[in-house]
Structure formats: C-alpha cells, structure tokens
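**Student:** Got a structure for you, written out below as structure tokens; questions coming shortly.
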Amino acid sequence: MQQHARFQQVTLITPTAAMSPSVHGGRAKCLQRLIRLDMPVPVTVALSFDAVHGIAAGRMPDMAQILDPFGVAPLLSVRPSSQDPDWGGPGAILNIGMSDARHAAMSKVIGEGPATSLYLRFIQSYAVHVARLDPDAFDLPDVPHADALKAALAAYEFETDEPFPQDVSVQLTEVLRSMARAWSGTTARLLREAKGAPVDAGLGLVVQAMALGVGAGECGSGVIQFVDAVTGLPQVTGRYLSQSQGRDALTADEGAIYLTRDPRGQSLEQQCPEAFASLITFGGLVRRRLREEMQLEFTLDGGQLSILDAVRVQRSSRASVRIAVALAEDEVIPCEEAVMRVAPAALSELLHRQVDPTAVRDRIVTGIAASPGAATGRIVFSANDAQASAARGEHCILVRRETTPEDIRGMHAAEGVLTVRGGITSHAAVIGRGLGLPCVVGASDLVIDRKKKLIIAPGGRTFKEGEVITVDGTSGDVLAGEPAMLEAALDTAFRTLLDWSDSFRDIGIRANADTPADAQTARNFDAEGIGLCRTEHMFFEGDRIGMMREMIFADSAAERRTVLERLMPMQRGDFTELFEIMRGKPVCIRLFDPPLHEFLPSDKAGLRELAEGLALPLSDVTARVEAMAEYNPMLGLRGVRLGITVPEIYEMQARAIFQAAVWAGRSGDPVVPEIMIPLVSAMREVELVKARVDAVAATVRSETGVDFAYRLGVMVETPRAALRAADIAEHSAFLSFGTNDLTQMTYGLSRDDAGRFMSAYVKQGVYPEDPFHTLDIEGVGELLKIGAERGRIGRPDVTLSICGEHGGSRTAIEFCRTQGFDYVSCSPFRVPVARLSAAQLAILERRRIQEVV
Ligand code: PEP
Ligand code: MG
C-alpha cells in the first residue's frame, strides 16, 4: 500500500484538504463533501489507510497533530472509513476524553445524571472493544448513578490491574490501535472479502469532535433518510431521541419520536420545526450533490443542529431500482449511471416471490438453487397428484427423485419443484427456469420413501405427503412451513431501467420458449425473439402423447406418416400461436431432439394402458419398449440421428412450421421462421435434412401459392460440430451453440448425474465452478471460439449465438460479446437480467476504451 505523496497521513478535513476515498476511505471523503456543502459538521480529522496500517504495525502517528484541532480537553468519536462502506469496519467509539475530571466538570454544566451516563458508556465501550474485557462486567444500569460509575471503574481496574486511563491522548491511542488491529483480524478480512474487497483493502479512521446530544436545552440525536428502504419511494423516515447519542434513537424501546408529523405521536417537525426544516434542505442538497440517497446522522445540542455522518441508504432490491431510476429521472445522475448502479441479481429477485430476508428459516435441507424465487405448498410425490392438488385449488410442491418429460404437466400444476438428483441443467432445472417455477435440485441429503409417502431430512426429521414446505430456489434451501414472503414487483421503474439498458446494449437477447405461455413471458420481458423452441415438450400435451406412442409403434414409414398427419395440425396450431405472439420477431424452432423411448411408459401400469390403447398384447408392448432401451440414450438415437433414420418426423414438423408461417403471415408482416437441427456432428447430416426440408418448403409454397423465406441452421452441441463448423456453416444460415450438451460432451460428464459429485469437485477446486452453471471459458469456450471462427470461414455472414442454460449469465454474455456473437438466448425469466448485464458490459468496455484514449 503506497500512499501518494500529495496526501498526508493525518488530515484535518477542510473543503480544500487533499483527500481521496482510495486513501482516506469513503466516510472521510463523504464528510469533506458535506463540509464543502457548508453543513454543520463538527471538526473532523482523517487518518489515511497508510496511517492505520502503521498503527496496526505499532507505529503511532504524532498524537498531538491529531488532537490539536480539537482544542483543550476534547470529547471525541472515532469511526471507520473503509474505501467502500459495504466492506464494514470496527464499530464507532464515542465519548473518548471522558475522565473523572471531565465528569466532574460536565456534571456542573449538564447535570450529574447525564454526565455519569456519558462516562459509563465510554467505560463500557472502552472496556469491551479496546481492552477486550468480558462485557458482562460492564452492563449499563437503567438509571446512571454514582455507585454504578464507581463499580465500573473498579471492575476495569480489577480486570486490568490498572486504573481506567484518564488522559485523552492515551485513550485515543488505544482506541486507534484496537480499531486498526480489528481490521487486520481474520473474521473482518473474510467478511469484507466476501463483499468483494481486495485482499489488501485499507481502513481509514475519522476522529470527530463529539456533538453531545446530551445536556441543557433541546439535546438529542437522530437518523433521517428521505426514501423508504423497502419500496425506494420518497418518504422521510427515521427517529429522534432526546438526550441520546449515535444511533440510539433507532433502537430505543421508548421515547424516540417521529420526524415528520405523525398521528401516532410526537414529531421533530412539531418540536423543533427549524431544525427539521434544515434537515429537509440538507437532504435535498446531499441527494443532488452526492448523487445518492443518503442517511444522515444528526444531533441537536441546545437546539443547535450538527450533521455527524452520511451513509448510503441500505436498500432492498426493489428500492435499488427505484432509487437509481428516480435519480436519473431527476437528472441527478445520467441514465448510464443508473444502469450501472443496479446489480443484475437484484432484478432477478424482483421477478419472483422471495422469502422475506427477515423471516425465520427452518431449514430442512439444502440443494442446488436451480430456478429462483420461493414457493410454498403441500408435498406431493407424483405429477398426477400435483394436477389433482391444483384442481382442488391447493398449492403443492412436487417432490421427485428427478423429473422426466412425463412430469411436465405436474410441474405446470405445482408451485415449486424439489428433486433429490440432478444438476443445474437437469430436466427439472431447465423446465423450472423456463416456467419461472422455483426449483431446488440435487438435494442429495434427502431420502424419499415412496411407500410411506414421506421425505426424510438429514438428522431424521420426516415430512409426510400433504405437509407444507417452502422451496427457495434462490438460495437452494428447502424450509419447513411457510415463512413470510415478498411479492414480485414489475413496476414502471423496472421497465424504465431496462429500456435504458437496451439503448447501451450491443448484443441481442432472445428467449428459450417452448409454449405460447413462455413466448408471452418472453414478449413481456422484451426478448428480441425466440432463440430456441424445444418442440418435443409439445408432444406430451393432452392426447398427443398417445399419438406419439402410436407413431413410435408404427410398423412402416407409411403407417408412421398417417399418425404424424394427425399430429401435424396440432403442431401447426402451436407454431401459429408462437409466430403470432412474437409477431415481427424471429422464432427459432428446433426440430425433434430426444430419444423416442422418453415418450414410452416405464412402469407396469403405463405399459398396460399402452397395450390397451394400441390393442396389442402386453408382452409385445413390453418387448418393444425393452428393445428400444439404449445403454446411453443421451449419446444414442436422438436429435438429427432420428431426423436421418426416421425422416417422417422432421418432414411433418417442417410442414407444420411452413404452413403456420403462411397462416400467421396472412394477418401481418411475413414470418421468416428459423429451423434448427439438433445434435449435428457431420456436414452430411445437414445436407440430407436440408434437402428434405427444402422439398417440404417447395411443396407448401405450391400448395398455398404463398412464397415465403426461411432460415435453416445448426445447433452446435457436439465437439465435432464445433471443429467442423466451416463445412457445416456452408449449409447453415446460423449456428447456435447448445452449451448444455456441448459442456456435457466436452467434459464427458453427464449433465443429469454431475450433481452427485459436483459440490465435492468444486469444494476441492477441481473445477472452479459447476461448468453447467458457469460457462467454462477455458475448455468449452475454446470450442465456441473455434466453432465461431471456422463457421465464419464457411459462411462469413453466419449468425452466431448460444442457447444453452448459460445464455443469460454475465460470464457467457461477456464471452459472446468479445467473440462478436449476434445474440444469446436464455429462459424468459432471465431475459431482464441478461438485458441489464449486457448493457453494463457494453458501458464498462466503452469506459475502458475512453480511459486508454
Ligand atoms: C443444449 O444442449 O445446450 C440445449 C440448449 O439443448 P437441450 O438442453 O434441450 O439439450
Ligand atoms: Mg442439447
């Protein structure tokens, strides 16, 4: 830590003193700003990071230099001043300078009781925080009196074998030393590092003349702020307490009064109208000049107002958005600054109900936080029960070992989902995020006893079917009962902030949307189109699953076509709706991807039902289903491999897409559908599918008499597709990287099983993060880079994007921006967060460039 020569170690804060937050800390700099605004700030001296560093190492600065500005026999306070106030620091110590002599003198001026109270409070904080004595021996009496004072002084002497220090210089030296050392302690270091402080973050200290708040006339202290900390709306809040110091007014059991007139009781506005009016004026001034909503700490001394401190108002996520937007709308800060001030995670909180941070949490188990938001409901163990529960109007939480596509309707019916297995890209997680459904996956410490219909938590606690639990998909916690919740808030400020974000953003944001409801959410959040529509989910709805099964059991291509002809109008209906909702925006439809046996029942009852439906013997059906089983289905007959070997499915889908485009195009602008081929690994796969899709397009054009355009592209999900991107791109208008499968295949790591050991891997530093959660720039990123470069060689204007679950994350957006990708696509509920992150990254880059120029 090298201090700039221009700065002194000990600085009397004046309007012109050389000071900087990176040398003296945020509080010291803020006090200088208040002084520059002519506010009545008591005399204050700032100690730089260097000075405090030296004190911790045993090098005391010149105490006379610190004390001189305060005159004879001063009473002082010391407060921490870290560079970022959020990094914390040791607590303030007040009334330094109290001694027997000072007590006697003050007793004459302000009365013995108040003087004793000040002395006792100083002895207590000095004993506990400086001499590190047992706090029990220094409890404050309800009424300060001479005996209590005697006892406190005796206790101090007994514990330390020394009389209580009487010299202000000695007292201050020890206070400074203890605060400097506290900053270097392990706990303080870990706490601030968790808030983003660098390892060598410095601490400054401010020594300030006490404005007593105790004595004759109207004396007291208070805290005032001008916005509500939860809503962020303008509102004067705070308290004032006569004959008090520091922040006493906020914690007082009784006696504290309101600031503005209030029907519930006395107010400062009534009692001290002039001081109140000054506070309101100062509030406005601070907001404009410090460009932030600040909380002011003040005292009245014989009616005389002093401003001791100003700190950034602590705020909820909702308030952080409202405050930033209001400051920009009032032209206090530019819109760009407002965009930079809101943490993307805060937006994510606003989109979902959350467990109230102040609520008591009765934690049952913790898993992977897979889809944010919190939901409460009764435990159910099957999709059918979830639907039945919803039909009764009862909220439920679907608890499964893991979910499969068959559970989708149950997931729709549930308020939240909890699975024992699975990771961040498991079925439950992906669908949960798509639906905006709170979801905790991979809670591997939980046991489901299906027979007894209960779950067993670590430690043996059990919860039966029907009992109420809460899934907190933001933290990964599963809680017993129903804690207090905060509702989602999509207000005007939220929308304004995102509109501003869009004006800075330089990469597209689309949504992964499978259903009209998803598409509507995407549209509401201003996604620029659909980047991935997973069509297979559409086949689980209503009686479609039955037709799918018939199709799977068909004996010939002709028979298959006949069944598919019945499914086609339903698909066409789905696509028409999507095109209509997304009118004017691109919609990218992925052709059928999963292995066919996912549509077949896995249990006896289901097989029997299927046999009945198909009018086949149960043994035939069972044998057929068994024959279709694959050792490794995710690497088996799925994606384009199905498209090549069972071409009728893709042909039906292409027909449905084109007819829907023609239909939707009739009532507005022409629709240009995008068709995406999944799991490609060879150029010939694309050639074959393209030839068939082109042929279907030609047929639909001649049948309808409508000419239409479409774009055919490839989903790059296998390492080989990335490596062969040049020749693949020759046949593809776009390449969209499916980073879920690409991560799975790059690591050779099953996305459905990785959750079992991922936390051990991350804990031991094998992987820095779960690569299904945070894009692995080193490995998977290398493949994306190669794929993008080679894709551009094959087709210079190829559109590039990613559509895996990473799409909405800051890391992925940052990577895609630097690689010149056109857009990222993510779950609809992540679109707002992605819009803000993308804007912040663009602003940061522009600022970096401006710094260099
Ligand atoms: C992917 O693999 O990244 C992808 C988006 O497809 P899915 O998750 O459906 O396999
Ligand atoms: Mg995939």
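**Student:** What accessible area per residue, rounded to a whole number of Å², is obtained for the chain using a probe radius of 1.4 Å? Walk me through the numbers on the way to the answer.
**Tutor:** Working: 35790 Å² over 853 residues.
Ligands and nucleic acids excluded, the result is 42 Å² per residue.
**Student:** When the accessible area of segment 319-428 is computed with all protein chains present and a 1.4 Å probe, what percentage of it is carbon and sulfur? Could you put the intermediate results ahead of the total?
**Tutor:** Details: 1880 of 4050 Å².
The computed percentage sits at 46.
**Student:** How big is the accessible area of M551 in square angstrom, nearest 10, if you roll a 1.4 angstrom probe over the protein chains?
**Tutor:** Accessible area of M551: about 0 Å².
**Student:** Now a separate question. What whole-number distance in Å separates the alpha-carbon centres of segment 674-714 and segment 546-622?
**Tutor:** 21 Å
**Student:** While we're here: At a 1.4 Å probe, what is the % contribution of carbon and sulfur to the accessible area of segment 578-637? The partial results should precede the final answer.
**Tutor:** On the way: 1760 of 3140 Å².
C and S fraction of accessible area: 56 percent.
**Student:** Could you tell me how many cubic angstrom of Cα convex hull volume the chain has per residue?
**Tutor:** Details: hull volume 170.3 nm³, N = 853.
Residue-normalised Cα hull volume stands at 200 Å³.
**Student:** Still on this structure, I have one more. Could you give me the percent of Cα pairs per 10 Å distance bin for segment 268-353, shortest bin first, beginning at zero and ending with the bin that holds the maximum distance?
**Tutor:** Reading the bins upward from 0: 16, 38, 27, 15, 3.
**Student:** Then there's this: Under a cut-off of 25 Å between alpha-carbon atoms, report the lysines in cross-link reach of K585, not counting same-chain residues fewer than 8 places apart.
**Tutor:** Partners within reach: K690.
**Student:** Then there's this: Could you give the DSSP H helices of the chain that reach 30 angstrom or more along their long axis (alpha carbon positions) and whose average Kyte-Doolittle hydropathy is no lower than -0.5? Mind showing how you got there, number by number?
**Tutor:** On the way: long enough: 557-581 (34 Å, -0.37); 683-704 (31 Å, 0.01); 831-852 (32 Å, 0.26).
Counting only whole DSSP H runs, the qualifying helices are 557-581, 683-704, 831-852.
**Student:** Let me ask something else about it. Label S667 and F158 with points 7 Å out from Cα along Cα→Cβ: what is the distance between them in nm?
**Tutor:** Between S667 and F158, the label points sit 8.7 nm apart.
**Student:** May I have the convex hull volume per residue, in Å³, for the Cα set of segment 526-651?
**Tutor:** Numbers: hull volume 15.8 nm³, N = 126.
Taking only Cα atoms, segment 526-651 has a hull volume of 126 Å³ per residue.
**Student:** What aspartates and glutamates sit close enough to K451 to cross-link, taking a C-alpha to C-alpha distance under 13 Å and skipping anything fewer than 8 places away on the same chain?
**Tutor:** Straight-line reach from K451, under 13 Å: E465.
**Student:** Excluding residues on the same chain fewer than 8 positions from K452, give the lysines whose Cα lies under 21 Å from its Cα.
**Tutor:** By straight Cα distance, K452 reaches K464, K604.
**Student:** Take the Cα pairs of segment 59-131, get the Kirkwood Rh, then feed it into Stokes-Einstein at 10 °C and 1.306 mPa s and tell me D in µm²/s.
**Tutor:** Values: Rh = 14.0 Å.
Calculated translational D: 114 µm²/s.
**Student:** Would you mind listing how long segment 588-717 runs along its three principal axes, going by Cα atoms, in whole Å with the largest first?
**Tutor:** Sorted largest first, the three principal extents are 51, 33, 20 Å.
**Student:** Right, something else. Which trypsin sites (Lys or Arg not before Pro) in segment 460-501 sit in a loop by DSSP (not H, G, I, E or B) and have at most 14 other Cβ atoms within 10 Å of their own Cβ?
**Tutor:** On the way: sites: R461, K464, R495; in loops: R461.
Hits after loop and neighbour filter: R461.
**Student:** Only loop residues by DSSP count here, and only those with at most 14 other Cβ atoms within 10 Å; note down the trypsin sites (Lys or Arg not before Pro) in segment 188-247 that meet that. Before the final figure, lay out the partial values.
**Tutor:** Details: sites: R189, R192, K195, R239, R247; in loops: K195, R247.
Sparse-neighbourhood loop trypsin sites (Lys or Arg not before Pro): K195.
**Student:** Also, I was wondering about something else. Kindly give Rg over Rh for segment 103-209, based on alpha-carbon atoms, with the Kirkwood expression for the hydrodynamic radius. Mind dumping the intermediate values first?
**Tutor:** Details: Rg = 16.6 Å, Rh = 15.7 Å.
The Rg/Rh ratio comes out at 1.06.
**Student:** For segment 507-565, which chymotrypsin sites (Phe, Trp or Tyr not before Pro) are both in a DSSP coil and crowded by at most 16 other Cβ atoms within 10 Å? Please report the intermediate quantities before stating the final value.
**Tutor:** On the way: sites: F525, F539, F540, F553; in loops: F525, F553.
Filter output for segment 507-565: empty list.
**Student:** Let me ask something else. Quick one: which residues, 5 or more positions from V43 or on another chain, have an amide H under 5 Å from its amide H? H modelled 1.01 Å from N in the peptide plane, none for Pro or chain starts.
**Tutor:** Here A209 satisfy the definition.
**Student:** In addition: Ordered by residue, what ³J(HN,Hα) values in Hz, to whole numbers, does segment 357-364 give under the Karplus form 6.51 cos²θ - 1.76 cosθ + 1.60, where θ = phi - 60° and Gly and Pro are x?
**Tutor:** x, 8, 6, 6, 10, 9, 6, 8
**Student:** A further question on this structure: Please work out the Cα center distance from segment 766-804 to segment 23-100, rounded to the nearest Å.
**Tutor:** 51 Å
**Student:** Right, another one. Do you know the relative contact order of the chain, to the nearest whole percent, from alpha carbon pairs under 8 angstrom that are 6+ apart? Could you put the intermediate results ahead of the total?
**Tutor:** Numbers: 1766 pairs, mean separation 76.8, N = 853.
Rounded, it is 9 percent for the chain.
The values are calculated or read from the model by the stated rules, or taken from the named source; none is laboratory data. Predicted model, so just to flag it, every value in this text is computed and none were measured. Positions of Cβ are generated from backbone atoms using ideal geometry, with glycine treated the same way; all protein chains shown enter the neighbour counts. Side chains are part of the model used for accessible areas, which takes the heavy atoms of the whole protein and leaves out ligands, DNA and RNA. Shrake-Rupley method; radii C 1.70, N 1.55, O 1.52, S 1.80 Å.
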